[in-house]
Amino acid sequence: TLHNFKMVAVAQVWLLVATLIVGCNLGRAQNPNATWRPNFMPLGTHCFSDFPNPNNPEIPHGGGCGCENTPFRWNGRMYMMESTEHYCEIFPGYNTTKQGDCSFFRIREMATGRVIANVSESIGHSFFAAAVDYKSENGPTIWVFGSARNRPNKLSPGPCAVIPYKGCYVGVWTSKDLVTWTTTSKALTLPDGHSLFNNDVTIVRGTASSASLPLHQAVMIIEQRTEDVHKYPYLSPFAINTGTDGDLSKNWQFLNASMYGIDLPKGSVGMGFGAPTIRYDDDEGYYYVIGGGSITDGPIRSKSLELESWTVSHRAPLVILLLFFLSHYILDRSIRQHQQLSRQSLDYLHMTQPTTIPSTLTCGQMRILNCWQLSMLGWII
């Protein structure tokens, strides 16, 4: 009823207020003044259910905004690389009964919510992350990385999901037009006994990086698992690409775990870096890392990726998101129950996106934040 919807809306506002208060307190953000402006602008709907998909127009998308996502700019427009699963029948010839469920990534135009590519080449992988090389030859190149973990599939879960771990790898796909994609390449294979969930990659340009690191054109961070920490000690969470030709499908190698990793002083805020994001600032030579979870751990930064080289931002932890998740759930329910809400109202409430985040907090791919939560981040920082 309308009365119930008003009550939900009031509750939503109070949850937002409480979240902003908590976030600003944790981040010790200054009060807005006459020169302060929020660093985002509305760019459209991002996503909505039942949009025709390019693979099989007779089967619409079932909704959902993806999970591990990367917003990126391409020829002046914003897009989202979305990790998603289920709805395998959008791929002609796919038989869920015989092949099991599936996970893959897709590309969505954020201004319209239109999915422009469901990337069938990525089926059987998950926890995707994207990096765009804007300085590659013949225009920008997008690279998408994902673990060999067929997330919802019980019949063929993938080498990163089966113990004993053997042959777990990070797959990679690339495109010059967002529509045509390469087949799967194994960018980085983990030693036996090791697995991973999330990963992220940042392009490295310039000469400001530490002399202690070998020459490299990209850095990868992984959220790793081990069968037995005594038998298979943790690897360094960092791998570097030692190539020089812009090809990120090969030339990856792990750094030495005894030298390179994240080792913050005991008691530091933002210690857990699950679902990590890494970005490189080529002006100052810093690598920035933000973790995911119910608290967005960090940000922290280092010029060398070495142990004991990291400093923690005074804003860490960035913001506690529990209230975001709760408020988002309530809003989703209210939208589903009240489809008569105007498109303009939905755009305002649910579908805004940030365009810039300060270099000290560059996230590019705040994987645990959905479209609406990420827009609120612009207010907090």
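The values are calculated or read from the model by the stated rules, or taken from the named source; none is laboratory data. Note that this is a predicted model, so its numbers are computed, not measured. A quick note on method: Cβ atoms are made from the backbone with ideal geometry, for glycine too, and the neighbour counts reach across all protein chains shown. Heavy atoms of the whole protein, side chains included, go into the accessibility calculation; ligands, DNA and RNA do not. Shrake-Rupley method; radii C 1.70, N 1.55, O 1.52, S 1.80 Å.
Considering (1) in contact with an Asp or Glu (Cβ under 8 Å, 6 or more places away or on another chain); (2) on the phi > 0 side of the Ramachandran plot; (3) not aromatic (Phe, Trp, Tyr), say which one Asn75 fails and leave the rest.
Asn75 satisfies every listed condition except (1).
I'd like to know if the stretch 23-34 contains one or more residues that are at pLDDT 80 or above, surrounded by 14 or more Cβ atoms within 10 Å (Cβ to Cβ) and of a type outside the set (Phe, Trp, Tyr). Explain how you work it out, then say what you get.
So in the stretch 23-34, the residues at pLDDT 80 or above come out as none.
Taking every residue of the stretch 23-34 in turn, none turns out to be at pLDDT 80 or above, surrounded by 14 or more Cβ atoms within 10 Å (Cβ to Cβ) and of a type outside the set (Phe, Trp, Tyr).
Assuming Gly171 fulfils every condition listed in (1) assigned to a loop (DSSP other than H, G, I, E, B); (2) under 11 Å from Ser147 (Cβ atoms) apart from one, which condition is it?
That leaves (1) as the condition not met.
Looking only at the stretch 135-158, which residues are in contact with a helix residue (DSSP H, G or I) (Cβ under 8 Å, 6 or more places away or on another chain) and buried (at least 23 other Cβ atoms within 10 Å of the Cβ)?
If the condition is that a residue be in contact with a helix residue (DSSP H, G or I) (Cβ under 8 Å, 6 or more places away or on another chain) and buried (at least 23 other Cβ atoms within 10 Å of the Cβ), then Val144, Gly146 are the ones that fit.
Within the stretch 72-123, track down each residue that is closer than 26 Å to Lys135 by Cβ, among the β-branched types (Val, Ile, Thr) and open to solvent by 10 Å² or more (accessible area, probe 1.4 Å).
Ile116
For the structure I just gave you, tell me whether Val132 is surrounded by fewer than 22 Cβ atoms within 10 Å (Cβ to Cβ), of a type in the set (Val, Ile, Thr), at pLDDT 90 or above and part of a loop (DSSP other than H, G, I, E, B). Outline the logic, then answer.
Values: surrounded by fewer than 22 Cβ atoms within 10 Å (Cβ to Cβ): yes; of a type in the set (Val, Ile, Thr): yes; at pLDDT 90 or above: yes; part of a loop (DSSP other than H, G, I, E, B): no.
Answer is no for this residue.
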